[in-house]
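K.L.:
Dropping the structure in here first, questions after.
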Amino acid sequence: MEMQQIRYFLAVCDQGTITHAAQQTYVSQPSLTQSIKKLEDEIGGALFTRTRSGCQLTTLGRLVEPNLRKIYKDLQSTKAEAIRFTRLNTIPLRIGLMTTIGSQVLSPCLAWYQQEYSNIEMELIIDNEINLLKQLDSGTLDLVITAPAHKPTSLPYQSTWLYEERYVVAFCSNHRFNQLNKVDLKALQSEPYLDRLNCELREDLRCICQHQEISLYAAYRSNSEEWILHMVKAGIGLALMPEFSLPKQATDISYRYLTEPEITRQVYAIQTSTKPELEHLINKLSNASKSIAVAPNGR
């Protein structure tokens, strides 16, 4: 199967006739027809039903069209990236971020990095840790920033500790917890609880609750950090969240550090190989939390 065959096939799909497809692709009708015939022979069946009014996809044609479109789109994207790299001397850098990593620490570092290294094109991929590490293994990602449940020393990666952040109890600004200096885990029992399904410490929290005979009523569950924050703002319930995942200047969300027990997580930068363009960024990230201030309404 040749890319030219796929290109001609998609042209017929989009134009509806051999004549218009040939005009669009700047090729003669016999050449286009012959190319489509070869593609049909390779796939094993007719892709179009030809009538006086034009060409209609067969059942087989409709089946293969999405995959052929994806193949062609991926090729075009690869070509464009290669051209951009060779002509503009840019370096693509793909960074994977675990869904619960907040932007409070990362964003200022990326802004600095863009100013210092204008030839770097950056792409941020947000996903769960398992999918990100798979992409790191395959070479799709250059760097993954995550908060693993256990230290990544046993994994076949190069890891750099970036920062530690404490977990906080987040609630709407008019909540009664706003009068407290601290909130312990037992105090959450009497409140509607927003369960963050992507929390990497979710299982650890469940074990802590069992050990201390604490029952948290999950009024809502969501795998979206954004939705959890909106529900906190609306006063639907409260949530346990990493401190740097909260909006820095939020006026409608308050929080207190969780005590008894205090829960923290460690954030790492993980890579499979050392790249010069990554070292300065990782160093910047590792020092970022030393100067960052959390939202002013925590205690």
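Rule-based calculations on the coordinates, nothing more; no lab input. Because the structure is predicted, anything quoted here is derived from the model rather than measured. Using ideal geometry, Cβ is built from the backbone for each residue, glycine included, and neighbour counts are taken over all protein chains shown.
K.L.:
Quick one: angle between helix 59-88 and the longest Cα principal axis of the chain, in degrees between 0 and 90, rounded to 10, please.
P.N.:
It works out to around 70 degrees.
K.L.:
I've got another one for you. Need one number: % antiparallel among DSSP beta bridges in the stretch 164-264, to the nearest 5. Present the calculation step by step, with values, prior to reporting the outcome.
P.N.:
On the way: 10 of 17 bridges.
Antiparallel bridges: around 60 percent, rounded to the nearest 5.
K.L.:
Next up: Mind checking which of LEU93, LEU57, LEU162 has the largest fluctuation in a GNM of the chain, springs on alpha carbons under 10 Å?
P.N.:
Among LEU93, LEU57, LEU162, the largest GNM mean-square fluctuation belongs to LEU57.
K.L.:
Where does helix 129-138 land angle-wise versus the long Cα axis of the chain, in degrees 0 to 90, nearest 10?
P.N.:
40
K.L.:
Helix 3-15 against the longest principal axis of the chain: what's the angle in degrees, Cα atoms only, rounded to the nearest 10?
P.N.:
Rounded to the nearest ten degrees, it is 90.
K.L.:
Could you run the Debye sum over the Cα atoms of the stretch 3-87, one equal point scatterer each and no solvent, and tell me log10 of I(q)/I(0) at q = 0.13 Å⁻¹, two decimals?
P.N.:
Results for the stretch 3-87 at q = 0.13 Å⁻¹ read -0.43.
K.L.:
Could you order the peptides 1-11, 107-117 from most to least packed, using the average number of other C-beta atoms within 10 Å per residue? Numbers along the way, then the final one.
P.N.:
On the way: 1-11: 18.1, 107-117: 13.6.
By packing density, highest mean first, the sequence is 1-11, 107-117.
K.L.:
So if I place +1 on the C-beta of Lys and Arg and -1 on the C-beta of Asp and Glu, and nothing else carries charge, what would the dipole magnitude of the chain be about its Cα centre? I want it in debye, nearest 20. Walk me through the numbers on the way to the answer.
P.N.:
On the way: 31 positive and 32 negative charges, 126 e Å.
So the magnitude is around 600 debye.
K.L.:
With semi-axes √(5λ) of the Cα gyration tensor in Å in mind, check [x] 36, 21, 17; [y] 42, 21, 18; [z] 51, 25, 17 and report the label derived from this structure.
P.N.:
Matching the structure shown: [z].
K.L.:
In addition: Using only helices, what value at 222 nm comes out for the chain when you add -39,500 (n - 2.57) per DSSP H run of length 4 or more and divide by the total residues, to the nearest 500 deg cm²/dmol?
P.N.:
Numbers: 9 runs with 125 residues, N = 299.
It comes out at -13500 deg cm²/dmol, rounded to the nearest 500.
K.L.:
I'd like to compare 48-55, 279-286: which one has the highest average count of other Cβ atoms within 10 Å, and what's the full order after that? Working shown, then result.
P.N.:
Values: 48-55: 12.8, 279-286: 17.4.
Result, highest mean first: 279-286, 48-55.
K.L.:
Across 10 Å bins from the origin, how do the percents of Cα pairs in the stretch 144-221 run, short distances first?
P.N.:
The calculated distribution, bin by bin, is 14, 40, 29, 15, 2.
K.L.:
What is the percent of Cα-Cα separations in the stretch 203-248 that go past 15 Å? Please report the intermediate quantities before stating the final value.
P.N.:
On the way: 544 of 1035 pairs.
Tail fraction, whole percent: 53.
K.L.:
Could you tell me the largest-minus-smallest coordinate of the C-alpha atoms of the stretch 164-264 on each of the three principal axes, in descending order and whole angstroms?
P.N.:
The Cα atoms of the stretch 164-264 stretch 35, 29, 29 Å along the principal axes, largest first.
K.L.:
Shifting gears a bit: Cross-link list LYS134/LYS275; LYS134/LYS233; LYS134/LYS248; LYS38/LYS79: which exceed 27 angstrom alpha carbon to alpha carbon? Write down the numbers at each step before the final one.
P.N.:
Numbers: LYS134/LYS275 19 Å; LYS134/LYS233 35 Å; LYS134/LYS248 32 Å; LYS38/LYS79 25 Å.
From LYS134/LYS275; LYS134/LYS233; LYS134/LYS248; LYS38/LYS79, over 27 Å: LYS134/LYS233; LYS134/LYS248.
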